[in-house]
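If you scroll down you'll find the structure; I have some questions about it.
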Amino acid sequence: MENRAQFGSRAGFIFAAVGSAIGLGNIWRFPGVAYDNGGGAFFFPYLFALLTAGIPLLILEFTIGHKYRGSAPLSLARIKRGGEWIGWWQIAIAFVIATYYSVIIAWAMSYTVFSFNLKWGADTTDFLVADYLKVGDTASFGSFVPGVLIPLILVWLIVLGIMYAGVKKGIEVAAKIMIPLLVVLFVIIVIRALTLEGAVDGLNTFFKPDWGSIMNGKVWVAAYGQIFFSLSIGFAIMVTYSSYLPKKADITNSAFITGFANSGFELLAGFGVFAALGFMAAQQGVGVNEVVQGGVLLAFSVFPSIINEMPGFQHAFGVLFFVSLTLAGLTSLISIVETYIAGVQEKFNVSRTKAVTFGGGLTALVALVFSTQNGLNLLDVADYFINQFGVALAGLFEVVFIAWFAKELKSLQAHADSVSDIKLGAWWRISLSVITPIVLGYMMFDNLRQNLI
Ligand code: PHE
């Protein structure tokens, strides 16, 4: 245990944790989810979820990693026998996410290049689906799409290169460069978007509160879902990262910084996206609500259309936007891959290099499946199942195991308090032992009901 890898400093760790949290989910997921779930009124459930689940779980995962000094399976096994499989379940989910997450980063890289000559043309959806991803061409189902394959290979070369370099020289250095760069680029994007005609209408649409939505269970489920995905909690990631913390490091404070930095960026993305959508609506002479999109279409169809119409700086805006997406995605992908590399390394007692080659290489190979024609359809299926069943269940197992089976909350609290300036109160234990399990249990039940009945 003595020669366990370590971050060079607490700041390095915070950059890495923030890098994991800030990802594709902040840029394309949050604005649409907030809009669909009450607009301005969504901030109440969102803030509640952040304070009763997001930050408490971050503190929990940071403390577990810091105290037990292992990746999720090993740390959970050290807490109580029988915990190990929860860690492996989380790692399995992380593995699946890594396969398709890397493909979306590859698209963002391609679109960075397309920005130089607006290659997507006037019909951006048709370009994305038919020309770029080549969906629906059943005659050649299953053959690789070179336009996706090449950037995908590049993504994996970058990620595996960083993983080989190690925790301090690889992950920490990458996060310290990429995250500040991302923030600067993104602030420029938001300022540009806010100066566009129609931006104010976009923001009004985004913030307009639908107070009735607060009474709707679905809205609360969406808030918790967004917090979990966005903060990368319940995936074994934050446990792994904090196991590389120096012995004396303020855990609770780090969790607050990570949580607020992530939400701050999320809000910034909401401003940028909705200002740009307001511009698009003004160009088309329609209401903002008619152009709102989320996910893949928002990034790869709506944004290219916005860029097409932009008066001035359009190429630069395109490059900045897709480079931001790439950077945000890469630091998250690195964290996902690290969780199972650490798991494999400890379980089979092999060197980091071997674990990277085996674990990382395997994901890269599986990811290639999504760069085939019609791979987009598979990606949708994977994303759907992960979000509907994987995430809530993994988080639920984790909190129930710690709070009720191992009854470990009090001793973890003592550990966190021994190194932190902010002392944890009863809110922390109540959030994790009561509120979070109830909400996650309800989420699971709700998903099952919608899918099966
Ligand atoms: N938190 C990242 C995002 O917002 C995504 C992510 C999910 C990263 C799960 C790691 C694990 O996009």
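The values are calculated or read from the model by the stated rules, or taken from the named source; none is laboratory data. From a predicted model like this one, the values you see are computed outputs, not experimental measurements. Heads up, the Cβs are rebuilt from the backbone with ideal geometry, glycines too, and the neighbour counts pull from every protein chain shown.
Helices (runs of 4 or more DSSP H) wholly in region 333-420 with at least 1 residues that are under 16 Å from Val239 (Cα atoms) and within 16 Å of the ligand (Cβ to nearest atom) - which ones?
391-400
Determine if region 156-172 includes at least one residue that is surrounded by fewer than 21 Cβ atoms within 10 Å (Cβ to Cβ), touching a helix residue (DSSP H, G or I) at 6+ places or on another chain (Cβ under 7 Å) and not in a helix (DSSP H, G or I).
Yes, region 156-172 has at least one match.
Now, a different point. What are the pairs with Cβ atoms under 8 angstrom where one residue, in region 21-41, is closer than 26 Å to Thr331 by Cβ and within 12 Å of the ligand (Cβ to nearest atom) and the other, located anywhere, is in a loop (DSSP other than H, G, I, E, B) and among the hydrophobic types (A, V, I, L, M, F, W, C)? Sequence gap at least six, or different chains.
Close Cβ pairs (under 8 Å, with a partner that is in a loop (DSSP other than H, G, I, E, B) and among the hydrophobic types (A, V, I, L, M, F, W, C)) amount to Ala21/Leu231.
Do the conditions hold for Ser254, that is, is it within 16 Å of the ligand (Cβ to nearest atom), closer than 15 Å to Ala11 by Cβ and either modelled with pLDDT of 90 or more or surrounded by fewer than 22 Cβ atoms within 10 Å (Cβ to Cβ) (or both)?
It is false that Ser254 is within 16 Å of the ligand (Cβ to nearest atom), closer than 15 Å to Ala11 by Cβ and either modelled with pLDDT of 90 or more or surrounded by fewer than 22 Cβ atoms within 10 Å (Cβ to Cβ) (or both).
In addition: Select from region 307-333 the residues that are over 21 Å from the mean Cα position of the chain (by Cα) and buried (at least 24 other Cβ atoms within 10 Å of the Cβ) and list them in ascending order.
Ile307, Gly318, listed by residue number.
Yes or no: region 209-220 includes at least one residue that is in contact with a strand residue (DSSP E or B) (Cβ under 6 Å, 6 or more places away or on another chain), more than 16 Å from the ligand (Cβ to nearest atom) and at pLDDT 90 or above.
yes
For Val286, all conditions in the list (1) more than 30 Å from Ala11 (Cβ to Cβ); (2) in a helix (DSSP H, G or I) hold save one; what is the number of the exception?
(2)
Could you say whether any residue in region 77-92 is under 14 Å from Ile334 (Cα atoms), out of contact with any strand residue (DSSP E or B) (no Cβ under 7 Å at 6 or more places or on another chain) and at pLDDT below 95?
yes
Now, a different point. Could you run through region 50-67 and say how many residues are over 14 Å from Trp428 (Cα atoms) and either of a type in the set (Lys, Arg) or surrounded by fewer than 22 Cβ atoms within 10 Å (Cβ to Cβ) (or both)?
Final tally of qualifying residues: 1.
Can you tell me which residue among Gly375, Gly360 is within 16 Å of Leu152 (Cβ to Cβ) and either modelled with pLDDT of 90 or more or touching an Asp or Glu at 6+ places or on another chain (Cβ under 7 Å) (or both)?
One residue alone meets the criteria, Gly360.
Under the condition of being surrounded by 15 or more Cβ atoms within 10 Å (Cβ to Cβ) and of a type in the set (A, V, I, L, M, F, W, C), which residue from region 410-429 is nearest to Phe48 (Cα to Cα)?
Residue satisfying both the conditions and the ranking: Trp428.
Moving to a separate point now. Working only within region 196-219, note down all residues that are under 26 Å from the mean Cα position of the chain (by Cα) and over 18 Å from Leu267 (Cα atoms).
Ser213, Ile214, Asn216, Gly217, Lys218
Same structure again: So Gly264 passes all but one of these: (1) surrounded by fewer than 19 Cβ atoms within 10 Å (Cβ to Cβ); (2) part of a helix (DSSP H, G or I); (3) over 15 Å from the mean Cα position of the chain (by Cα). Which condition number does it fail?
(3)
Among the residues in region 344-360, are any in contact with a helix residue (DSSP H, G or I) (Cβ under 7 Å, 6 or more places away or on another chain), closer than 30 Å to Ala282 by Cβ and surrounded by fewer than 22 Cβ atoms within 10 Å (Cβ to Cβ)?
no
Let me ask something else about it. Of the conditions (1) over 20 Å from the mean Cα position of the chain (by Cα); (2) surrounded by fewer than 18 Cβ atoms within 10 Å (Cβ to Cβ), Leu76 clears all except one; give me its number.
(2)
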